[in-house]
Every structure is written in structure tokens, then in C-alpha cells.
Amino acid sequence: MTRSEEKAAFERDGYVLVENLLTAEETAILQQHADKGRDVRVMPDADGRASKLDLWMDVRGDVFGAVARQARIVERVRALLGEDVYHWHSKVMMKEPRVGGAWEWHQDYGYWYTDGCLYPRMLSCMVALDPATKANGCLQVIPGSHLLGRLEHGKSGGQSAIDPQRIEAVLERLPRVYAEMPAGSALFFHGNTLHSSGPNTSDVPRRAFICCYNAWSNRPYGGKGHGKPQVLELAAPEAILAFAAAAK
Ligand SMILES: O=C(O)CCC(=O)C(=O)O
């Protein structure tokens, strides 16, 4: 796909899948760092299963910071949103074999609206660290749902979630897509794209690194939001590989 095809897909569907965003060598390095979470939180799903994540706001000087500052991601995000962006937050999502929980249907802007961002000019890049399949709880997206505007979110388990009846009505009109992808591929999705994921019913983990960006012009009002917006400095293309030795 050319970059302009990617943008057309993103504008039509609210997401675009980029295959082989990271090399196998880079992905292997990230896999070795993925379980070293510093501040792992559990956000139980509707059935009380543990959905785990490690989330941080600053662009860290570690291997994940090197990913979040890659031109192959940041330049795409700038092109997809049509303006300059800064790092909003990053997170490692962990679904352990057999026990990893679901993520209920939501929009990321459902959360981020309350952080004082006036527009949904925000985007997440989800990089698969393990092959993501239906069985291990890959992301599910609803193409075109970013055009519904921001929907109301309530609570389900420990997560923000949209009323299941409304989701049912949406799914009568729009399809559900299982974003299965090999490790190293990435899904770029709009802040208003409806997404969820099922529990991990398989014997293998499903880990993902998600780096999120906000348009520079959309900085939160009144000192709300995530940390302090910082101009994003790009990392060298080989910066991820530099962490190979440290991972061992
Ligand atoms: O990791 C997942 O399956 C869900 C991620 C997600 O919904 C999010 O980061 O907003």
C-alpha cells in the first residue's frame, strides 16, 4: 500500500493495517522487554478476568521510546491526521495464555475527551508483539465507526464501555473485523474508532505495544491531560536494535 492508499483507507475505515512495520529482529527485542512492566495495572473485564496493561505518559529513553519515536510511525501518524503530533501515552497490553481478559467496546477518545482534548484528532498505533489471532484475543474494529462521533461511555467491570445495545445496533449496520496480524505488524486507528478484544482462550500470550499521539493543535485545555506536551524528536531507524544486548 502506498502512503496515499494508507490515508484513504484510514479516512474511510478509521484504521489501516501496516504489515512488517518492525523487523523480526526488532520485534524479538521488544518481546524480551514486554514482561518487564514497571507499573502494571489490572482493569477487570465484564466477567472479572484480568486485562493487564503498563501505561506511561513520557517518551521513555528505553526501547519502547525508541519505537514511539520511529519516523516510520510518527511520519505516518502526521500524514494520517494531517498535522503535527506529539506523544500522548504508550502502553504494553498483556493477555496471558488462558487467563488474559477482554477489552470492552470503546473509543479511545471516550477516555481522552475527559482529559481536555477538544477534538478527536488522536490516533493509536498498535504493534503486535506476538502474532494476534482470534483465539488469543486480537483487536476487533468496526470499519467506519469513527464517523459516528464520540459516543457515551459507561462502566463495565473496571473499564469504560459503550452500551451493548448501541453496539448491537452499530453491528447491524457495519461489519466487525478481527484485526489478526503477525508479530511486527501494526494497526493505526483513529481516536473514535470502535474497538474491543476478546479474552485469550489460547495457550500463547497476546502482547502488544501501543503508542498514542495527539495533534499538536489539540493540546488539552486548562492544564488537563497527559503530562506536558513535548515536541517529539525522532529516533534513528536503528535505535531499537541498540537495545538488543540490554534485553539479554
Ligand atoms: O489490547 C487490547 O486488546 C485492547 C487495547 C485497547 O482497547 C486500547 O488500548 O484502547
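How many residues does the stretch 132-149 hold that are more than 14 Å from the ligand (Cβ to nearest atom) and either in a loop (DSSP other than H, G, I, E, B) or of a type in the set (Gly, Ala, Ser) (or both)? Please lay out each step first, then the result.
The first filter runs over the stretch 132-149 and keeps only residues more than 14 Å from the ligand (Cβ to nearest atom), leaving 143-144, 147-149.
Pick out the ones that are also either in a loop (DSSP other than H, G, I, E, B) or of a type in the set (Gly, Ala, Ser) (or both) and you get 143-144, 149.
Going through the stretch 132-149 one residue at a time, the tally reaches 3.
Taking the stretch 121-131 as the region of interest, how many residues are assigned to a loop (DSSP other than H, G, I, E, B) and either within 12 Å of the ligand (Cβ to nearest atom) or over 17 Å from Tyr213 (Cβ atoms) (or both)?
Initially, the stretch 121-131 is screened for residues assigned to a loop (DSSP other than H, G, I, E, B), giving 121, 129-131.
Still in the running and either within 12 Å of the ligand (Cβ to nearest atom) or over 17 Å from Tyr213 (Cβ atoms) (or both): 129-131.
Here the count works out to 3.
Kindly indicate which of Val85, Val74, Val99 is within 15 Å of the ligand (Cβ to nearest atom), among the β-branched types (Val, Ile, Thr) and out of contact with any Cys (no Cβ under 8 Å at 6 or more places or on another chain).
Details: Val85 fails: within 15 Å of the ligand (Cβ to nearest atom); Val74 fails: within 15 Å of the ligand (Cβ to nearest atom).
Within the list Val85, Val74, Val99, the selection yields Val99.
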Which condition number in (1) near the ligand (Cβ under 10 Å from one of its atoms); (2) surrounded by fewer than 22 Cβ atoms within 10 Å (Cβ to Cβ) is the one that Leu118 fails?
(1)
Thr23 passes all but one of the listed conditions (1) surrounded by fewer than 18 Cβ atoms within 10 Å (Cβ to Cβ); (2) within 16 Å of the ligand (Cβ to nearest atom); (3) of a type in the set (Ser, Thr, Tyr); the exception is number (2)
Close pairs from the stretch 152-175: first within 10 Å of Ala46 (Cα to Cα), partner of a type in the set (D, E, K, R), Cβ under 6 Å, at least 6 apart:
Ser156/Glu104; Gly157/Asp45; Gln159/Glu104; Ala161/Glu104
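Just the residues that are among the hydroxyl-bearing types (Ser, Thr, Tyr), at pLDDT 95 or above, in a strand (DSSP E or B) and more than 24 Å from Leu30 (Cα to Cα), please, taken from the stretch 152-198. Lay out the reasoning, then the answer.
First pass over the stretch 152-198, keeping only residues among the hydroxyl-bearing types (Ser, Thr, Tyr): 156, 160, 178, 185, 193, 196-197.
Adding the requirement that they be at pLDDT 95 or above leaves 178, 185, 193, 196-197.
Subset that is in a strand (DSSP E or B): 178, 196-197.
Correct list: empty.
So which strands (runs of 3 or more DSSP E) stay within the stretch 3-66 end to end and still have 1 or more residues that are of a type in the set (Val, Ile, Thr) and under 15 Å from the mean Cα position of the chain (by Cα)? If you could, list the steps in order and put the result at the bottom.
Details: elements: 15-18, 40-42, 52-56.
Once the strands (runs of 3 or more DSSP E) in the stretch 3-66 are filtered for at least 1 residues that are of a type in the set (Val, Ile, Thr) and under 15 Å from the mean Cα position of the chain (by Cα), what remains is 15-18.
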Residue list for the stretch 151-169, filter: away from the ligand (no atom under 16 Å from the Cβ) and either in contact with a helix residue (DSSP H, G or I) (Cβ under 9 Å, 6 or more places away or on another chain) or charged (D, E, K, R) (or both)
Glu152, Asp163, Arg166, Glu168
Hits in the stretch 74-90 - residues which are in a helix (DSSP H, G or I), buried (at least 22 other Cβ atoms within 10 Å of the Cβ), out of contact with any His (no Cβ under 9 Å at 6 or more places or on another chain) and not basic (Lys, Arg):
Val77
Among the residues in the stretch 91-112, are any free of Cβ contacts under 8 Å to residues at least 40 places away in the same chain, part of a helix (DSSP H, G or I) and either surrounded by fewer than 23 Cβ atoms within 10 Å (Cβ to Cβ) or hydrophobic (A, V, I, L, M, F, W, C) (or both)?
no
From Ala128, Ala102, residue being among the hydrophobic types (A, V, I, L, M, F, W, C) and within 25 Å of Glu168 (Cβ to Cβ):
Ala102
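Each row is one residue, and each column tells you yes or no for (1) farther than 20 Å from Gln70 by Cα; (2) away from the ligand (no atom under 16 Å from the Cβ).
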| site | (1), (2) |
| --- | --- |
| Phe209 | no, no |
| Ser217 | yes, yes |
| Gly223 | yes, yes |
| Gly227 | yes, yes |
| Ala239 | no, yes |
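The values are calculated or read from the model by the stated rules, or taken from the named source; none is laboratory data. Here the structure is a predicted model, which is why all the values come from computation and not from measurement. Counting neighbours? That spans all protein chains shown, and the Cβs are built from the backbone with ideal geometry, glycine included.
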